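The values are calculated or read from the model by the stated rules, or taken from the named source; none is laboratory data. Since the model is a prediction, treat every value here as computed from it, not as a measurement. Positions of Cβ are backbone-derived with ideal geometry, glycine not excepted, and every protein chain shown enters the neighbour counts. The protein model used for the area step is the full one, side chains on, heavy atoms only, and it has no ligands, DNA or RNA in it. Shrake-Rupley method; radii C 1.70, N 1.55, O 1.52, S 1.80 Å.
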Amino acid sequence: MRHDLAVKIRGAAFDDPAALIGEVERHRKAHTDRLAHYLAGETRDFGEPGRTADGLLDAERELQHVVLRGGIAYERMMIAWLDDVLATLARFGTGR
């Protein structure tokens with residue numbers, strides 16, 4: 001994974017790992033907010049999906065929904081990873 005935050009976390013081993021906690025918490029909040037937005041949109045747009053006469057989703061809505069589900073899965077994965085990062089950083093306490 002090449003992510004600016006991941007690079008900072010890796011580099012923190014040579015400095016004060018606990019100093020990153022605030023930044024990681026900000027990233028987690030951003031991902032949590034985005035997930036809530038995506039879930040609200042899913043409920044709004046796909047809670048009762050528009051179906052064709054044969055009961056199937058039309059291709060456009062099905063493709064929109066699969067992309068949204070990918071975004072939801074990504075945000076959930078990032079939140080879980082950031083929780084892991086926070087737990088790891090917390091083990092180092094503050095200062096070195």
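Of all the residues in the range 57-90, those that are open to solvent by less than 30 Å² (accessible area, probe 1.4 Å) and among the acidic types (Asp, Glu) number 1. Specify the residue that is surrounded by the most Cβ atoms within 10 Å (Cβ to Cβ); the eligible residues are those in the range 1-34 that are over 27 Å from Arg69 (Cβ atoms) and among the aliphatic types (A, V, I, L, M). The extreme case among them is Leu20. Considering only residues of the range 1-54 that are closer than 19 Å to Asp84 by Cα and assigned to a loop (DSSP other than H, G, I, E, B), which is modelled with the highest pLDDT? Here the answer is Asp16.
Go through Arg69, Arg76 for me and flag whichever is more than 19 Å from Glu25 (Cα to Cα), in a helix (DSSP H, G or I), at pLDDT 85 or above and under 13 Å from the mean Cα position of the chain (by Cα). Explain how you work it out, then say what you get.
Numbers: Arg76 fails: more than 19 Å from Glu25 (Cα to Cα).
Being more than 19 Å from Glu25 (Cα to Cα), in a helix (DSSP H, G or I), at pLDDT 85 or above and under 13 Å from the mean Cα position of the chain (by Cα) holds for just one of Arg69, Arg76, which is Arg69.
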